[in-house]
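Enquirer: My structure is below; once you've seen it, I'll send some questions.
Nothing in this text is a laboratory measurement; each read-out follows from the coordinates by a stated rule. What you see is a predicted model; the values in this text were computed from it and never measured. When we count neighbours, we look across all protein chains shown, and the Cβ atoms used for this are built from the backbone with ideal geometry, even at glycine.
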Amino acid sequence: MRLLTLVLTLFLVAVGVAQAQIRIASADLESNSVVGGLPLELRVRLMEPASTSGLIPVTSTRVDLCLCRSLAVQAGQSQLVVRLQTREVDQPTPVTLSLGVYGNIRDLQFTLQPAPTRKPPSVVQLKMPERLTAGDSGTVSILLDHSVNKGVPLTLEANENLTIALPIRIPAGSRQLDVKFSTRPSRQAGTARLTWRGAQTVSGETHLLPRSSFHAA
């Protein structure tokens with residue numbers, strides 16, 4: 001037991017000596033504010049070139065938003081530049097990073113910001129089946145000019161021959177989605193139409209065949 005204790009003690013001393021040889025002169029971030037989800041650059045300068053390889057411990061007050069690992073230092077290295085990956089936030093969130101070991105610790109503070117709100121997407125195209133039998137269901141393919149980082153609602157206008165669940169929710173990251181709709185049964189020909197009104201009006205329509213023609217076929 002005494003031998004084991006001695007070995008562990010020597011090991012800890014060796015680790016402490018190795019860490020002591022890697023002393024931080026300065027540490028800074030490229031910015032004290034960054035949009036969550038984007039990387040943040042960390043620059044570390046040592047007091048002198050490392051005489052041996054080792055690690056600089058890094059801890060974070062928000063490991064769920066900025067998970068940091070110890071920085072590997074190679075023998076002879078005097079500075080490091082690393083990129084830290086962050087995660088998205090819904091509101092400004094302060095984070096503190098601590099680098100180094102007791103007696104040689106540098107604290108860095110920054111704030112994660114929510115992504116800027118983008119303007120709602122515009123509809124570029126409403127693609128519908130060329131024709132349907134009145135009373136049947138179909139699918140409209142909606143093409144947008146850009147995606148969004150969060151789900152947003154989209155409202156379309158439907159004429160009297162078409163029924164669709166509104167508002168339509170656009171999934172995050174999507175520029176195109178397919179949505180089911182139904183048409184009104186009728187024994188007369190007609191048109192099922194969807195319209196989006198924004199900076200420009202975009203419409204799509206389906207020619208409805210009389211219901212009776214379906215039975216005749």
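Enquirer: Show that you can apply the helix-only estimate: for the chain, add -39,500 (n - 2.57) for every DSSP H stretch of four or more residues, divide by all residues, and state [θ] at 222 nm to the nearest 500.
Expert: The helix-only estimate for the chain comes to -3500 deg cm²/dmol at 222 nm.
Enquirer: Then there's this: Normalising by the residue count of the stretch 123-216, find the relative contact order in percent from Cα pairs under 8 Å and 6+ residues apart.
Expert: After rounding, I find 36 percent.
Enquirer: Give me, ordered by chain and number, the residues 5 or more places off Thr133 or on other chains with an amide H under 5 Å from its own placed amide H.
Expert: Residues meeting the criterion, in which the H sits 1.01 Å from N, are Leu209.
Enquirer: By the scheme Lys and Arg +1, Asp and Glu -1, what is the net charge of all other residues having a beta-carbon under 15 Å from that of Gly54? If you can, show how the numbers build up before the last one.
Expert: On the way: positive: Arg23, Arg69; negative: Glu48.
That works out to +1.
Enquirer: Pairs of alpha-carbon atoms within less than 8 angstrom and 6+ residues apart define the contacts here; what relative contact order does the chain have, in percent?
Expert: Values: 483 pairs, mean separation 33.3, N = 217.
Answer for the chain is 15 percent.
Enquirer: Next question. Mind checking which of Ala172, Asn159, Ala189 is farthest towards the positive end of the stretch 123-216's charge dipole, using Cβ charges of +1 (Lys, Arg) and -1 (Asp, Glu) about the Cα centre?
Expert: Ala172
Enquirer: Can you give the charge dipole size of the chain about its Cα centre, rounded to the nearest 20 debye, using +1 on the beta carbon of Lys and Arg and -1 on the beta carbon of Asp and Glu?
Expert: 280 debye
Enquirer: Just rank Ile24, Ile142, fewest to most, by other beta-carbon atoms within 10 angstrom.
Expert: Ile24, Ile142
Enquirer: Give me the net charge for the shell around Arg106: Cβ to Cβ below 12 angstrom, other residues only, Lys and Arg +1, Asp and Glu -1.
Expert: +1
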